Structures are given as structure tokens and as C-alpha cells.
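Comments concern the structure below.
The values are calculated or read from the model by the stated rules, or taken from the named source; none is laboratory data. Note that the coordinates shown come from a computational prediction; the quantities given were computed from them, not determined experimentally. Methodologically, a virtual Cβ is constructed for each residue, glycine included, from the backbone with ideal geometry; neighbour enumeration extends over all protein chains shown.
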Amino acid sequence: MKKNEKKFVSIDLGTSNTLVFVEGQGIVYNEPSIVAYRIRENKIIAVGEEAYKMIGKGNKTIRIVRPMVDGIITDIRTTTAQLSFIFKKLRINSTLKGCIMLLACPSVITQLERTALMKIGLNFGASRVFIEEEIKMAALGGGVNIFAPTGRLVMDIGGGTSDIGVLSSGDLVLSKSVKVAGNAFNEEIQKFVRSQYGMDIGLKTSESIKINIGSIAKYSDERRMKVYGRDIVSGLPREIEVTPEEIREVLKVPVSRIIDLTVQVLEETPPELAGDIFRNGITICGGGGMLKGIDKYVADTLQLPVAIGTQPLLAVINGTIRFESYVYEMIQSENKKGDFF
């Protein structure tokens, strides 16, 4: 089979964002993994950025759903409806017919969910569907040569889960996952503001705090940030100022849990690969890699070299793009075996 006979389409089904790549067009979709339904008709009215804007500002007739929560597919039907809505919006339904599709999914999904996702791809018209772990794709997209016969440790800190994996010779040797990542960071900030200042803020506001002044180590140009919310006693709107120092202490707790998991992975790593990791260090991918100072904090804690992967937010989808040639090689290998028999 020639490579250009069928289009290659890859999808990153992330907890925070869904991304779609189409061969010849590039990354055509990168928006939040959120779906808004009108309850009465049980009909999708918005997906992605439009649905995200409705969070905390909707009404009783609208239901906001996240197809992926903590790295787990909560509802296959919602996932199917979300993708269908996206494909129609992008007008690529004809492109999907006979395409080769690669889905990047969390390593914690069950075999039943994996099979269901393959069926979804086939139902959209794909001739072949491949499922690959997000951490493997993140490593490849982050600039790690996963096919080399040497051990590499990757931390993929996404929205719902943080995956820690050791890769060598093109595949995972071992990996562990914890439901502590970007969304947990937001929740910790939300809890802190409530307990410290007696004010309720939404998750969108806490996320804004994390992005703007969140850090895990000191950085230059630190500044306070004004935050608006509702006073838990009076119920009236209120304004406060939070500092980077405060948020830093808040975020150290969930980040420490991710580091603890990394230590567990290192303890179970075969000696030869552990030696490789000591020389090669750790690569951090995912949105968590954007947290200011996280590379320095992890390096100081584990006494290992740490680097932020190339374009950490796009690492998974970039990894699927780089994996395209290997997908075609697998198909050609299968075809040759079929010809032989």
C-alpha cells in the first residue's frame, strides 16, 4: 500500500483538550474537551471553546459534560457525539472515508473502552484504527527518541492524570498513573482561596490563577493577581489579591504526589535502564510542563537532569504525527505476511 493512497488522521482525546490532525492540513482542531447539551432535546448545542465559555454561566436548560474525566472515558456515547460534532464542524467527513486513524488515549483505559474506541473510528469510515498510549506519543512528540535501545523516563502531566513511564526500544517498559494533574492544581487553588480568604471562585478563575502566577519555584517578575468571586458569608461579589508565594505553596502538595509516583517508577526500573535514566534524565510533557519552575523543582528533588519537552502542550498530537510512518510500516508488514501465507 502506498502511503498517499489513504489519508492519515490522528486524534488526541485529552481530559482538557481534544486535538485533531489531518494529513495535508495539519492540526485542524485544538479546543477544550467539553460538550454542552440542551437537556430537553438531549441535543448538543456547543462543543469545545463555545461550551467552555458556558461553564458556570449556563442555566437549568443546559448540561455541561466532559467526555474525559481524570483520564477515563466517562461516556462512549458522549465521546462519539463530540467527535461527530467536531468532524461536521470541520467538514472532514469525506476525508475520514477509508482513512488510517490513530487515537491517542490514556494508558488507564480498559480493553472494553479500547475496543469501543476502535469501533468508533471504524464507524466514522476509517479503514484501519490504531490505539496508542498518550505517554508514548507525548515522549515522541516531546523530542525523545523512543525507538533507541536506551532507557528514557517521561512525565506526562496532563489535565486529568499524570503518567510516568519508562520507554526503551519503541515501547513502554513500565508506567504508572495518578489522578493528579492540571485539573487537580485548579481544585487546590480553589480550596485555598475559600479557606484562606472566605471567597468562592469558579474553576475557570482558579485555572487563570494557575496560568498567570502559578509556579513551583521562584521566578522573575512575580506579581500579585486580582481575583473576583463570591463572599461565602455575605454572598456578595468580592475582590481579593493573591500572591505567587501563596499559590506556590498550594501547588507543592499535588506536585509532590507526582514526584512520589516518579520515585515508585524509578524503584521498579531495571538496573540497566536506571543507569540510562541517570545519564539521559527526565523529560516533562503535557500542560504541567508549562508550570513555572517545575523542571528545576523536580531536578532538585530527584537529583536528576530534567528537561521540558518540545511544545509540551502539543506533545501528544505531535507524537502521533511523527508516528505516522511507523503506522504505515506496520500495515505494510501485515500485508507482506498476508501475501506470504
Point to revise | Matching entry among GLY319, GLY288 (being in a helix (DSSP H, G or I) and within 15 Å of ASP163 (Cα to Cα)) | key: GLY288
Revision key, fill the gap. Of the conditions (1) surrounded by fewer than 22 Cβ atoms within 10 Å (Cβ to Cβ); (2) in contact (Cβ under 8 Å) with a residue 12 or more places away in the chain; (3) assigned to a loop (DSSP other than H, G, I, E, B), the single one that ALA81 does not satisfy is (3)
Check your understanding: What pairs come up if the first residue lies in the range 307-322 and is among the charged types (D, E, K, R), the second is assigned to a helix (DSSP H, G or I), and their beta carbons are under 7 Å apart, counting only those six or more places apart or on different chains?
Key -> ARG322/LEU140; ARG322/GLY141
Review point. So ARG279 clears everything in (1) assigned by TED's automatic domain parsing to the domain that holds ASP163; (2) of a type in the set (Lys, Arg); (3) under 24 Å from the mean Cα position of the chain (by Cα) except one condition, right? Which one?
Key: (3)
Revision key, fill the gap. Checked VAL154, VAL108, VAL65 against criteria (under 15 Å from the mean Cα position of the chain (by Cα), modelled with pLDDT under 90 and among the aliphatic types (A, V, I, L, M)); the one match is VAL108
Review point. Any idea how many residues of the range 84-116 are touching a residue at least 60 places away in the same chain (Cβ under 8 Å) and under 25 Å from ILE135 (Cβ atoms)?
Key: 11
Point to revise | Any chance PHE185 is of a type in the set (Phe, Trp, Tyr) and not in a strand (DSSP E or B) | key: yes
Check your understanding: Looking at GLU272, is it charged (D, E, K, R) and over 21 Å from VAL144 (Cα atoms)?
Key -> no
Review point. Can we say LEU153 is without any contact (Cβ under 8 Å) to a residue 40 or more places away in the chain, crowded, with 23+ Cβ neighbours inside 10 Å and assigned to a strand (DSSP E or B)?
Key: no
Check your understanding: Which residues, taken from the range 199-256, are small (Gly, Ala, Ser), assigned to a helix (DSSP H, G or I) and buried (at least 19 other Cβ atoms within 10 Å of the Cβ)?
Key -> SER206
**Study point:** Unique match (being under 30 Å from VAL154 (Cβ atoms) and modelled with pLDDT of 90 or more) among LYS88, LYS119
**Key:** LYS119
